[in-house]
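Presented below is the structure to which this report refers.
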There are 2 protein chains.
Amino acid sequence: MISLSILKKSPLFSGIDTKDLQSMLSCLSAVEKKYAKNELILRQGDPVGYMGLVLSGRIHILKDDFWGNRTILSDVTPSQMFAESFACSQNQGLSVSVLAVEPTSVLFLDIKRILNTCSSACVFHTRLIRNLLSVLAEKNLMLTGKIDHITKRTTREKLLSYLSAESLKAGSPKFQIPFNRQQLAEYLAVDRSAMSQELSKLQKEDYLSYHKNNFHLKDNFTH
Amino acid sequence: MISLSILKKSPLFSGIDTKDLQSMLSCLSAVEKKYAKNELILRQGDPVGYMGLVLSGRIHILKDDFWGNRTILSDVTPSQMFAESFACSQNQGLSVSVLAVEPTSVLFLDIKRILNTCSSACVFHTRLIRNLLSVLAEKNLMLTGKIDHITKRTTREKLLSYLSAESLKAGSPKFQIPFNRQQLAEYLAVDRSAMSQELSKLQKEDYLSYHKNNFHLKDNFTH
DNA sequence: TAGTTTCTGTTGGAAATACAACGAAAAGGA
DNA sequence: TCCTTTTCGTTGTATTTCCAACAGAAACTA
């Protein structure tokens, strides 16, 4: 039995009544799967005809290159989606991998069932497609934001760019980040030890303070 | 009079008959505007309720930061679109600027007219929205590809990553790139002179040869 | 054609990063 | 609880990048 409360929070099902959700799920041939911590959900190269929606847990979209360098593209939490771009553009195989960083439950939705209005005339397809449009647009902006961070030239600037964006998102100078140090380094595409060093400096210079994943940006942060 | 042949090539109007295009344009309250070389088409911060479609010329999506560092996010050629993510996600102002790098003609389309099926019951809206979905998905993959390049740690790796992708796209070891050196550096987020140096080295080591924007990847390129 | 501007490659020194290695602290498992 | 594994900060060195400056080639203009 799938938790409908998570689905209701998902932008994909925005504006769709709870009582209609259940019937829609079967119409979309939705399938739930569970994964253990550190289990690979999808592999680079896999063809994908479905998109994923995280019901519980947490996943990372990542890419490993030839030399073993890993890059984390994004962190996906419950009610958010993944692989929808690949599913929508069909032809192409997955250029990323998807990893469960915690015990995770995922709902898979057949993209064809969403795009092709079904014979049973499910009236919500129109709404669903527009929601999907929003999801893709938002994800696009998210990627643009990420590019913003990693195009900064120094590790310090990357950190400042990322942390101020996170603070803004949290609406507070105190916030948690969803990464540990190694993961943050992989997200910002820098060396972990160099990044740790830079964080120390920033703390010494009283730009910010941190403890584990909790950060606090100080007043003289605005450079 | 708008060139319909360019529109026909656009993924947005894919599958829509030429004879219907003209009426659709007025339905979408399409407006054509012309820009001189180096003229700004849209400014960072502008609210956007419309998306753009390049009819002729060439534009760059770019971002200037506080210190004057410019980053080129993408290069957009005739029949391609821009600003569609911002238009679709509505609320947000533009986080990038759009610059005409050549004399350019742009068609603007009102996003509301696309999303809200019009009263005159234009039957193509459904098709249009699905096409838009594909455009957004493709752009997403494009951004992911760009992230691939710039997350590489060294200038050399960034170049190799970008050039091999361009070669793949062209389907040949010989190809042109749409950037001059300065622009390529801004696209890859590296210093121009350092990049020039690295290109020289790569040529000396016989990985590739180049003349202006024409590149030729040699056999021992595959590292 | 001559003069001007833009583009490209080169250089040298300053600055920043990557890499490898290590110990301490924290987290997790038996 | 004890032991193992993971995480985190620190350091020193080699490598790489950035920056500023310059000169020749190419493109543009009058």
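The values are calculated or read from the model by the stated rules, or taken from the named source; none is laboratory data. Here the structure is a predicted model, which means the values were calculated and not measured. Note that each Cβ is placed from the backbone with ideal geometry, even for glycine, and that neighbours are counted across all protein chains shown. What goes into the accessible areas is simple: the full protein's heavy atoms, side chains included, and nothing from ligands, DNA or RNA. Shrake-Rupley method; radii C 1.70, N 1.55, O 1.52, S 1.80 Å.
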With a point put 7 Å past each Cα toward its Cβ, work out how far B:SER56 is from B:ASN213 in nm, to one decimal. 1.7 nm
Run the helix sum for chain A: -39,500 (n - 2.57) per DSSP H stretch of 4+ residues, divided by residue count, reported at 222 nm to the nearest 500 deg cm²/dmol. -12500 deg cm²/dmol
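With +1 on each Lys and Arg Cβ and -1 on each Asp and Glu Cβ, how big is the dipole of chain A about its Cα centre, in debye rounded to the nearest 20?
Charge dipole of chain A: 180 debye, to the nearest 20.
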For segment A:152-221, what does the relative contact order come out to in percent, with C-alpha contacts under 8 Å and a separation of six or more? 33 percent
Which is farthest toward the positive dipole end of chain A among A:LEU188, A:CYS88, A:LEU208, measuring Cα position about the Cα centre, with Cβ charges +1 (Lys, Arg) and -1 (Asp, Glu)? A:LEU208
Average beta carbon contacts from partner chains per residue of A:125-132, 10 Å cutoff: 3
In percent, how large is the relative contact order of segment A:4-142, given Cα pairs closer than 8 Å and 6 or more residues apart? 35 percent
Of the trypsin sites (Lys or Arg not before Pro) in segment A:19-61, which ones lie in a loop per DSSP and count no more than 12 other C-beta atoms within 10 Å? A:LYS37, A:ARG43
Cross-link pairs A:LYS146/B:LYS204; A:LYS169/A:LYS201; A:LYS9/B:LYS8 - those with Cα-Cα distance over 28 Å: A:LYS146/B:LYS204; A:LYS9/B:LYS8
Take peptides A:5-17, A:135-147 and line them up by average Cβ neighbours within 10 Å, highest first, as a rough protection proxy. A:135-147, A:5-17
For A:LYS201, inter-copy label-point distances (7 Å, Cα→Cβ), nm, shortest first, read 2.3
Percent accessible area from carbon and sulfur atoms, segment A:5-49, protein chains only, probe 1.4 Å: 52 percent
Is there a quick way to get the dipole size of segment A:154-223? I mean about its Cα centre, with the Cβ of Lys and Arg at +1 and of Asp and Glu at -1; what is the value in debye to the nearest 20? 160 debye
Other-copy label distances relative to B:ASP65, 7 angstrom Cα-Cβ extension, nm: 1.9
Local electrostatic count at A:PRO78 - Lys and Arg +1, Asp and Glu -1, tallied over other residues with Cβ under 10 Å: +2
Can you tell me the dipole magnitude for the protein assembly as shown around its Cα centre, using point charges on the Cβ only (Lys, Arg +1; Asp, Glu -1), in Debye to the nearest 20? 20 debye
For peptide A:108-115, how many partner chain Cβ atoms fall within 10 Å of a residue's Cβ, on average? 1
For the A and B pair, go ahead and give the buried accessible area with a 1.4 Å probe, both sides summed, in Å² to 100. 3700 Å²
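Let me confirm one metric for peptide B:79-89, namely the mean number of other chain beta-carbon atoms within 10 Å of its residues' beta-carbons.
Per residue, the average neighbour count from other chains is 3.
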Two-site label geometry, A:LYS201 and A:GLU32: point separation in nm, points 7 Å out along Cα→Cβ: 4.9 nm
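Just to confirm, what accessible area per residue do you get for segment A:74-223 at 1.4 Å probe, in whole Å²? Please list the in-between numbers first.
On the way: 6490 Å² over 150 residues.
The answer is 43 Å² per residue.
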